[in-house]
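Chemist: Take this structure first; my questions come after.
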Amino acid sequence: MSLDGATAPVYEAIRRKASFAKVIRNLGRLVDARDEAGSALEVRGVMVLMRSNLDELPALLRLLHAHRVTELLVQRLSSDLGQPDLPARYIPIRQYVDAAELAPADLAHAATVFAEARALAGELGISLHLPRLAQPAAPPAAAPRCRWPWDQLYVTAAGELLPCCMVATADRATFGNVFDDPDGLVERWHGDAAQSFRQRLADDEPPQVCRSCALYHGTF
Ligand code: SF4
């Protein structure tokens, strides 16, 4: 359940045209239906952390606890979209990310909020996963820093096999279209574009799209 805020003004400023009241009502219905059915379905909260919602993290834990949700995964924005050949239609998104992402000056306050959130999560019995606030001093010695293009499929509705969901659209990076021939999925998965992308990701010169990715830098 994606919840990027604990109050309507903050949530609805991020998720434009959404209704916080409706989302919370539906969360309640989902959890009620689960419990009435005696189901073991696990419901997890996911929050994209930004400057505008950082201070709502403790309140979000309380809100989830009140709705019998026992896990919260907090993520940073996935990319600063810093690649030089960024398609023009991403420029407004990059500007939004630049304004929304935690700045270096926010990190000390974020650390304080994280400490409060960890303590509260312990009290409430919520499993809380927080992102790193700073890049690791040294990257892992063993490349690659991201396993996604080896381990998971991401295919768009138009049939484009992308390296991962962070890429979002095929004009940033693609392994090709799986609808191009009957064995398209297998062909694209093992094709030159995929192998070349993986090879560069495993080396010290990753593809441009990875260079500004939070997963690559270990801060996702
Ligand atoms: S490092 Fe590259 S392949 Fe991995 S998630 Fe980021 S953009 Fe995708």
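Chemist: So which chymotrypsin sites (Phe, Trp or Tyr not before Pro) in the range 122-194 pass both tests, a DSSP loop state and at most 13 other Cβ atoms within 10 Å of the Cβ?
Modeler: Passing sites in the range 122-194 do not exist.
Chemist: What FRET efficiency comes out for the pair Thr156/Ala111, r = Cβ-Cβ distance, R0 = 30 Å, nearest 0.05?
Modeler: According to the calculation, E is roughly 0.20.
Chemist: Defining a contact as two alpha carbons under 8 Å apart and six or more residues distant in sequence, what relative contact order in percent does the range 94-215 show?
Modeler: 16
Chemist: Could I ask something else about it? In the chain, if the dipole is taken from +1 on Lys/Arg beta carbons and -1 on Asp/Glu beta carbons about the Cα centre, which of Pro9, Leu107, Gln199 is farthest to the positive end?
Modeler: Of the options given, the answer is Pro9.
Chemist: Under a crude label model (7 Å from the Cα following the beta-carbon direction), how far is Glu205 from Ala37 in nanometres?
Modeler: Result for the modelled spin labels: 5.2 nm.
Chemist: Any idea what the dipole of the range 88-202 comes to, in debye rounded to 20, about its Cα centre with Lys/Arg Cβ at +1 and Asp/Glu Cβ at -1?
Modeler: 360
Chemist: Right, something else. Using helices alone, I'd like the mean residue ellipticity at 222 nm for the chain: each DSSP H run of four-plus residues gives -39500 (n - 2.57), total over residue count, nearest 500.
Modeler: The helix contribution divided over the chain gives -12000 deg cm²/dmol.
Chemist: Viscosity 0.692 mPa s, temperature 37 °C: Stokes-Einstein D of the range 176-220 from its Kirkwood Cα radius, in µm² per second?
Modeler: In µm²/s, the coefficient rounds to 278.
Chemist: Report the label-to-label distance for Ser19 and His129 in nanometres (one decimal), using points 7 Å from each Cα along the Cα→Cβ vector.
Modeler: In this crude label model, Ser19 to His129 measures out at 3.1 nm.
Chemist: More than 15 Å apart: what percent of Cα pairs in the range 54-151 qualify?
Modeler: Pairs farther apart than 15 Å: 71 percent.
Chemist: What residue among Gly38, Gly184, Gly176 has the largest mean-square fluctuation in a Gaussian network model of the chain, using Cα springs under 10 Å?
Modeler: Gly38
Chemist: Can you tell me the length gained on complete extension of the stretch Ala8 to Arg94, counting 0.36 nm per residue apart and subtracting the Cα distance?
Modeler: Between Ala8 and Arg94, full extension yields an extra 28.5 nm.
Chemist: Report the residue, chosen from Arg76, Arg29, Arg132, that carries the largest GNM mean-square fluctuation when the chain is represented by alpha-carbon nodes joined by springs under 10 Å.
Modeler: Arg29
Chemist: Going by C-beta contacts inside 10 Å, put Cys146, Cys165 in order with the fewest on the left.
Modeler: Least to most surrounded, the residues fall as Cys165, Cys146.
Chemist: So what is the relative contact order of the chain, in percent, for Cα pairs below 8 Å that sit 6 or more residues apart?
Modeler: About 20 percent, as a whole number.
Chemist: Mind jotting down a quarter of the surface of the convex hull over the alpha carbons of the chain, in square nanometres, one decimal?
Modeler: The orientation-averaged projected area of the Cα hull of the chain comes to 14.7 nm².
Each value in this text was obtained by applying a stated rule to the coordinates, not by laboratory testing. Predicted, not measured: the structure shown is a model, and the values here were computed from it. Cβ: placed from backbone, ideal geometry, glycine included. Neighbour counts: every protein chain shown.
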